[in-house]
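Each remark here refers to the structure printed beneath this line.
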Amino acid sequence: MGEYGTSTPSFFLHPANPNFRWVFLFFVCFLTFGSYWCYDIPAALEDTLKTRLDITDVQFGLFYSVYNFMNIGIVLFGGVFIDIMGLRVGAVLFCFFIALGQIIVSVGISLSDPHTAYAVMLVGRIVFSVGGESLSVAQSTFCSKWFKGKDLALSFGITLSFARIGSYANLVITPKMASSEGVAFAVWFGTITCAVSVAMTILAAFSDKVRDRYVDKDVVPVQQPKFNLLVVLRTYVKDVLHFPASLWLIYLICVFFYIGVFTLISVSGQPYFMFVFGFSKDNSGSVLGLPYLMSVALAPIFGFGVGKLGWKPAFLGLATLIMGAAYAVLLWIPPTVIWSPFPFTMYAPAFIGMLLMGVAYSLCAASLWPCVPLLVEENKVGSAYGIMNSIQNAGLALASVLVNLLSCQAHTRECTAPPLYLLGGIGVFTVICTVILIIYDLSHGMKLTNARPAIVETGPSETKPLLNDQYN
């Protein structure tokens, strides 16, 4: 990002005013609000959907597996699309696919035949997946373009908290809405949240375009070569192969950590909480959503602290250890009245475990995602985030399949605990990768450890905007 010129408008609400970036951040926060709300609608209505659609656990798991498997490849091209064709065009297009996919899902649940409804809903989830993770890449790229230095981690923390408002609100509100107004109404309501995201994406794209007219306006743009897909792909592969080892460690930490959080909340957590701790179907969603709710408050705070102090690998290490403690509490502290004479304390291990998970989740998000712009050139940020989301989705897809294979229909601890042991074991690999990252960063210039590391130098191109305006 270049410097603002002397003729920059002084009006606060003008996109070219440096302080407008906080207004812009408000728009960007809502880019993924609808997608986060709708992504976990199946989890919020799990038992209801299984009964209404007459599907098994494995069939239900496909609502998530098709999304994750599709995004193994799609999000890679989403990052390339952003770097080549333009951030603004990409963000609007990805958000449109999310809204279209949710509309198809809503049409499906409204059909009377359960088998046809299920098939249509799966198609909707596939269309939804085209934009889901790619929009997150666009959101991350917007943040890395508009915010630098200590403000970068804060911007990531704030966008995460806003998105997770949608996740938690869905887990709490959607089951109650389905009970009072009907399942179809609850699913169609998700479409409204997507419409809000579309409107905010258009506002963000317009603001970004206006700003780019003022930033570096005196710099003569470098003539861009004619677009050639083969050349682009060849260059892309070459760039990826030259990504630093620390970035690949970040990718591994990302996939292992988010498997431990998201798979618990979306797939394996509800049966375990119902049959082990005795929660009802509605209440289990509220408890499982605690990490999302906590991130609303903690993510910006942690983002501000990480931005001020640096030490990102150390904070990542702390986050992974806290996640391990959360699984230890959930698995090894029995749900019996051992805390006090009051019966309600049998729920204490569940609450403590999810509160620890919320702290770990918020701290990891504030430390993990801001690492990427510090390790790659500015014009490769979109591709780097695309690979990160692709690897994450590959891991989530495989984890979802494994968890469903380990589960059984019996309502006992023996049937619902194995998936949590699997997720806890994966968490151990997260700790190992974080330790390696800390050692590597300390021995290679401490780019991630320093309080205010400089953005990676890009030579003459760093005076240009991140993206090519000719494609916008």
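Laboratory data are not the source of any read-out in this text; all were calculated from the coordinates shown. This structure is a prediction, so every number in the text was calculated from the model and none was measured. In this analysis, Cβ positions are derived from the backbone assuming ideal geometry, glycine residues included, and neighbour counts consider all displayed protein chains.
Listing for the model above:
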| item | result |
| --- | --- |
| Highest-first arrangement of 442-450, 132-140, where packing means the average Cβ count within 10 Å | 132-140, 442-450 |
| Efficiency of FRET from Cβ geometry, F26 and L321, R₀ 35 Å, rounded to 0.05 | 0.55 |
| Test item: Cα-centred dipole of the stretch 20-168, Lys/Arg +1 and Asp/Glu -1 on Cβ, debye | 640 debye |
| Sequence ranges 295-308, 377-390, ranked by mean other-Cβ count within 10 angstrom, highest first | 377-390, 295-308 |
| Long-range amide H partners of N450 with built H, under 5 Å | W311 |
| Among Q139, F97, L152 the positive-end extreme of the charge dipole of the stretch 85-155 (Cβ point charges) | L152 |
| Farthest toward positive dipole pole in the stretch 101-210 [+1 Lys/Arg, -1 Asp/Glu at C-beta], among M121, M200, A169 | M200 |
| Full-extension gain in nm, M446 to L406, via 0.36 nm per residue minus C-alpha separation | 10.3 nm |
| Spin-label pair L203/K308, simplified geometry with 7 Å Cα→Cβ offset, distance in nm | 2.9 nm |
| Mean Cβ neighbour count within 10 Å, used as a protection proxy, ranking 37-48, 181-192 highest first | 37-48, 181-192 |
| Inter-label distance, nm, simple model (7 Å from Cα along the C-beta direction), V89/H242 | 2.6 nm |
